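K.L.:
For reference, the structure I am asking about is given below.
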Amino acid sequence: MNTLFFIVNQDPFDGSAHGLYCLRNCQALAEVDPQKSVRLVYPVEMPFLLRRRHQNQTVSDNLNLMGLSAPSNLLLHPLPALRRARGRRGVTVNAVYYWACLLFLRRRMRPGDVLASASFAGLTRFLFQRVGRERGGRRVYEVHQLASMERGPDSKAAGIEQAVFSDADVLLTTTEVLRDQLQKLVPGKPVTNLGLACGFDPEIVPPPEPDASRPFTLAYIGSLYPEQGVQWLIGAWGEITELIHASTRLKIAGGSPPEVEALRELTAGRERMVLVHGPVAPGNLSGFLRDVDALIIPALNRGRMPYVAITKAYDYLGLNRPILAANLPSIAEVLRPEREALLFTPEDAAGAADALVRIMRDPSLVRTLTANCRGRRGEFTWESRSTSWWRAVQS
């Protein structure tokens, strides 16, 4: 095995949790085995692609912006894509990018190479069907969610997904509950759960700076789509603060510009209680956290959330803060109740308030939770995950 081609259907620099995962995953796979070449292939709209080339940005430049180092055996390959406005006719990203990927692979893949993707079933099926096995060794598909559970087992998306499962040599998942569901769809085919990994080092991220003059501050860091529960948290924040009977503030980081703007409209007039910060680059997170006392994951018990990996559940382990989180199976696999986090029933304002009060009033509990998080982080390193990834692919 000489080269891993990791193909995705999103710009990994778009600020999303999955985009960051793709970067971290490929960087770690390259670092753990310097003898292999890792190539991350992704779409970029043509005007942006030309602009990036004009700016002559290197792999190191791009990764350093995300707080990541650049091993010499990691190569980034942005390929041209076209998008059309939602609801309009015309050429889609698939027609251009899919074929660009195919031509790229046909020119570069050699026997013994690996073709892998993560949760892009349409693109993966297209490539698996057209890149003959003689060009590559193993076909790897990382399953991060299931169309059969989200859209129904008879949906077109579920059919495409099932075809990918059949063609793949190796199937990987990121939660045990997801592995159990997938195993029912591919009986007799081995499925390996790898989980995710923590991207932060608690030895580098400083604890909160004490300041009696400021309110106790709770923060959320991550994506802002509705199932993440941030909108619910903002709506319930008034009730939660009334139950606490103490000065508190909520800070929110992450999201796309439209999502951030929508949240700022939702919190208009309450900026002193709820601060919508917008995206924070991983390298700048310590500054954002300077006045943050605790972290929250308010995920809802809806759609895919109970069984897909929650990146925050891993990353929060390395941020030296106590955690309160919604009690979902995908979260409790990582943040064990009363050990790494205080868990509450999803969408339960009283339960969230009770957990927050315990953290605010019990310094011993805070020390225990944060110490347990530091210990738990050692079980979820990118180095160990990448070693397991290569082992599963080569077995």
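The values are calculated or read from the model by the stated rules, or taken from the named source; none is laboratory data. Just so you know, these numbers come straight off a predicted model, no measurement behind them. Glycine gets a Cβ as well: all are built from the backbone with ideal geometry, and neighbour counts include every protein chain shown. Heads up: the accessible areas ignore ligands, DNA and RNA and are worked out on the full protein's heavy atoms, side chains in. Shrake-Rupley method; radii C 1.70, N 1.55, O 1.52, S 1.80 Å.
K.L.:
Taking the Cα-to-Cβ direction at residue 130 and at residue 69 and moving 7 Å from each Cα, how far apart do the two end points lie in nm?
P.N.:
3.8 nm
K.L.:
Counting alpha carbon pairs within less than 8 Å and at least 6 residues apart, what relative contact order, in whole percent, applies to the chain? Let's see the in-between values first.
P.N.:
On the way: 711 pairs, mean separation 61.0, N = 395.
Averaging sequence separation for qualifying contacts and normalising by length gives 15 percent for the chain.
K.L.:
Follow-up. From the residues 72, 368, 198, which one has its Cα farthest along the dipole of the chain in the positive direction, the dipole being from +1 and -1 charges on Cβ of Lys/Arg and Asp/Glu about the Cα centre?
P.N.:
72
K.L.:
Something else now. Roughly how many Å² is the accessible area per residue of segment 159-205, as a whole number, for a 1.4 Å probe?
P.N.:
Working: 1890 Å² over 47 residues.
The answer is 40 Å² per residue.
K.L.:
Once you place label points 7 Å from the Cα toward the Cβ at residue 160 and residue 82, how far apart are they in nm?
P.N.:
So the two model labels end up 1.9 nm from each other.
K.L.:
A further question on this structure: Taking a probe of 1.4 angstrom, what is the accessible area of residue 362 in Å², to the nearest 10?
P.N.:
60 Å²
K.L.:
Oh, and also: Out of 330, 166, 16, any idea which swings most in a Gaussian network model of the chain, alpha carbons joined below 10 Å?
P.N.:
It is 166.
K.L.:
Quote the convex hull volume per residue of segment 126-201, based on C-alpha atoms, as a whole number of Å³. Could the numbers behind the result be given before it?
P.N.:
On the way: hull volume 9.2 nm³, N = 76.
Expressed per residue, the convex hull around the Cα atoms of segment 126-201 is 120 Å³.
K.L.:
While we're on this one: If the convex hull of the alpha-carbon atoms of segment 214-343 is projected onto planes in all directions, what is the mean projected area in square nanometres?
P.N.:
Values: hull surface 31.1 nm².
Projected area, direction-averaged: 7.8 nm².
K.L.:
On to the next question. Which whole-number value in Å² is the accessible area per residue of segment 262-309, probe 1.4 Å? It would help to have the intermediate numbers written out before the result.
P.N.:
On the way: 2230 Å² over 48 residues.
Counting only protein heavy atoms, the per-residue value for segment 262-309 is 46 Å².
K.L.:
Quick one: dipole size for the chain, taken about the Cα centre, charges +1 on Lys/Arg Cβ and -1 on Asp/Glu Cβ, in debye to the nearest 20. List each step's numbers first, then the result.
P.N.:
Working: 47 positive and 39 negative charges, 323 e Å.
It works out to roughly 1560 debye.
K.L.:
Let me ask something else about it. Determine the principal axes of the Cα atoms in segment 302-374, then give the extent along each, sorted from largest to smallest and rounded to whole angstroms.
P.N.:
Computed over segment 302-374, the largest-to-smallest principal extents equal 36, 27, 15 Å.
K.L.:
Please state the relative contact order of segment 299-394 as a whole percent: Cα pairs under 8 Å, 6+ residues apart? The partial results should precede the final answer.
P.N.:
Numbers: 100 pairs, mean separation 27.6, N = 96.
Averaging sequence separation for qualifying contacts and normalising by length gives 29 percent for segment 299-394.
K.L.:
Hey, another quick one. Taking every pair of distinct Cα atoms and averaging 1/r, then inverting, what Kirkwood hydrodynamic radius in Å comes out for segment 209-279? Mind dumping the intermediate values first?
P.N.:
Numbers: mean 1/r = 0.0793 Å⁻¹.
Averaging 1/r across every pair of different Cα atoms and inverting gives 12.6 Å.
K.L.:
Measuring from centroid to centroid over Cα atoms, what is the spacing of segment 4-45 and segment 121-193 in Å?
P.N.:
Value for the Cα centre distance between the two parts: 19 Å.
K.L.:
Can you pull the accessible area of residue 237 for me, 1.4 Å probe, Å² to the nearest 10?
P.N.:
Ignoring ligands and nucleic acids, residue 237 comes out at about 0 Å².
K.L.:
In what order, largest first, do 189, 36 sit by accessible area if the probe radius is 1.4 Å?
P.N.:
On the way: 189 45, 36 20 Å².
Ranking 189, 36 by accessible area, largest first, yields 189, 36.
K.L.:
With the full set of protein chains in place, find how many percent of the accessible area of segment 340-395 is carbon and sulfur; take the probe as 1.4 Å. Could you put the intermediate results ahead of the total?
P.N.:
Details: 1190 of 2590 Å².
Using a 1.4 Å probe with all protein chains present, segment 340-395 comes out at 46 percent carbon and sulfur.
K.L.:
While we're looking at this one, here's another question. Taking the Cβ-Cβ separation of residue 35 and residue 243 as r and a Förster radius of 51 Å, what is the calculated FRET efficiency to the nearest 0.05? Walk me through the intermediate numbers first.
P.N.:
Numbers: r = 57 Å, r/R0 = 1.11.
Given R0 = 51 Å and the Cβ-Cβ separation, E is 0.35.
K.L.:
To continue, here is another question. Run the simple label-point estimate for residue 390 and residue 213 please: 7 Å along Cα→C-beta, distance reported in nm.
P.N.:
Result for the modelled spin labels: 5.3 nm.
K.L.:
Still on this structure: Defining a contact as two alpha carbons under 8 Å apart and six or more residues distant in sequence, what relative contact order in percent does segment 152-277 show? Each step should come with its number before you reach the end.
P.N.:
On the way: 105 pairs, mean separation 22.9, N = 126.
About 18 percent, as a whole number.
K.L.:
Which residues does a label at residue 183 reach in segment 354-395, if reach means a backbone N under 14 Å from a point 7 Å past the Cα toward the Cβ?
P.N.:
none
K.L.:
Follow-up question, since we're still on this one. Under a 1.4 angstrom probe, counting protein chains only, how are 260, 366 ranked by accessible area, largest first? Let's see the in-between values first.
P.N.:
Working: 260 10, 366 35 Å².
Final ranking, largest accessible area leading: 366, 260.
K.L.:
What aspartates and glutamates does residue 189 reach when the alpha-carbon gap must be under 19 Å and sequence neighbours fewer than 8 apart in one chain are set aside?
P.N.:
Of all the aspartates and glutamates, those that pass the test against residue 189 - Cα under 19 Å, at least 8 places apart if same chain - are 142, 161, 167, 169, 176, 180.
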